[in-house]
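The values are calculated or read from the model by the stated rules, or taken from the named source; none is laboratory data. Please read all numbers here as calculations on a predicted model, not as lab measurements. Cβ atoms come from the backbone with ideal geometry, glycine included; neighbour counts cover every protein chain shown.
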Amino acid sequence: MALIQCHFFSEVLGLSTTMTVILPQQTTKQIGMKGEASSGRHKTLYLLHGLSDDDSIWLRRTSIERYAAPYGLAVVMPQVHRSFYTDMHSGGKYWTFLTEELPQLARSFFPLSDRREDNFVAGLSMGGYGAFKWALRKPEMFAAAASLSGALDMANHLNRPFDSSLRPMFEQIFGPELEIAGTEHDLLWLLEQTGHADALKPKLYQCCGTSDFLYQDNLNFTEACKKTNYDLTVVYDEGEHEWGYWDRHIQRVLEWLPLERA
């Protein structure tokens, strides 16, 4: 695998930013790891970080490079700060950056496939929210999407008591009223709007630990999704909001994706 720390300028954000990229490499002589790579453009996983992290965190906290190598899978990990993958009320247009500019730039820099069946998105916590929002709002882009311990019911989450120190951040993102129910920021509303349409739908994978503070939010999403015709795989098992859990489950996500392991 090739590891690239890519520094570039975003026209949408109006600033220089970064993405961490793993590219497949055909190898036979590495000790302890064999790499696979296609001869054409690579299948790609967009892997999204959580609230307190950045584009390097998946590489630092898990063995994602080693896990992706046998599948010949490229992994693109963008930097979005504490934006909830949203065009912020007072801040950067991170939704537009993520869904429009980033894929175009990544494919211009690297040999990545633009075919729907070759593209997937996943993330943890805030990134789980971002992954499902991207997949639900842009189903033509992805064959599958996965959320690990995702913040999947933000409309209710913002109406419940939470750490008051986070309120200024959420107001910057969603606006001072924090009323996102029934909007494009509300994943359960998006399920209602798209769940019964006879149209392309990505497969969904959802996991969360039963001791996670976002467990109830995940249960709410599961119940809402059951009322739709989305193909949802759900895993609830013992675990908390921590990297040991996500390291285990990103391996399960890769096994679940429609990929061939050499």
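Quick rundown of the values:
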{"quantity": "Filtered residues of segment 81-103 (kept if within 14 Å of G14 (Cα to Cα) and among the charged types (D, E, K, R))", "calculated": "D87, K93, E101"}
{"quantity": "Positions within segment 221-259 being of a type in the set (A, V, I, L, M) and free of Cβ contacts under 8 Å to residues at least 60 places away in the same chain, in sequence order", "calculated": "A224, L232, V234, V235"}
{"quantity": "Check on A224, under 20 Å from D87 (Cβ atoms), touching a Leu at 6+ places or on another chain (Cβ under 9 Å) and small (G, A, S)", "calculated": "no"}
{"quantity": "Failed condition for G175, given (1) touching a residue at least 12 places away in the same chain (Cβ under 8 Å); (2) surrounded by 14 or more Cβ atoms within 10 Å (Cβ to Cβ); (3) within 27 Å of M77 (Cβ to Cβ)", "calculated": "(3)"}
{"quantity": "Pairs with Cβ under 6 Å, 6+ apart, first in segment 15-28 and touching a residue at least 12 places away in the same chain (Cβ under 8 Å), second among the basic types (K, R) and surrounded by 13 or more Cβ atoms within 10 Å (Cβ to Cβ)", "calculated": "none"}
{"quantity": "Residue in segment 215-231 that is of a type in the set (D, E), surrounded by 14 or more Cβ atoms within 10 Å (Cβ to Cβ) and touching a Phe, Trp or Tyr at 6+ places or on another chain (Cβ under 7 Å) present", "calculated": "no"}
{"quantity": "Filter result (touching a residue at least 24 places away in the same chain (Cβ under 8 Å) and over 28 Å from D118 (Cβ atoms)) within segment 196-215", "calculated": "G209, T210, S211, D212, F213, L214"}
{"quantity": "Considering residues of segment 10-34 that are under 18 Å from M77 (Cβ atoms) and not aliphatic (A, V, I, L, M) only, the residue modelled with the lowest pLDDT", "calculated": "Q25"}
{"quantity": "Options A151, A199, A135: the member that is touching a Pro at 6+ places or on another chain (Cβ under 9 Å), within 29 Å of R107 (Cα to Cα) and either crowded, with 20+ Cβ neighbours inside 10 Å or among the polar types (S, T, N, Q) (or both)", "calculated": "A135"}
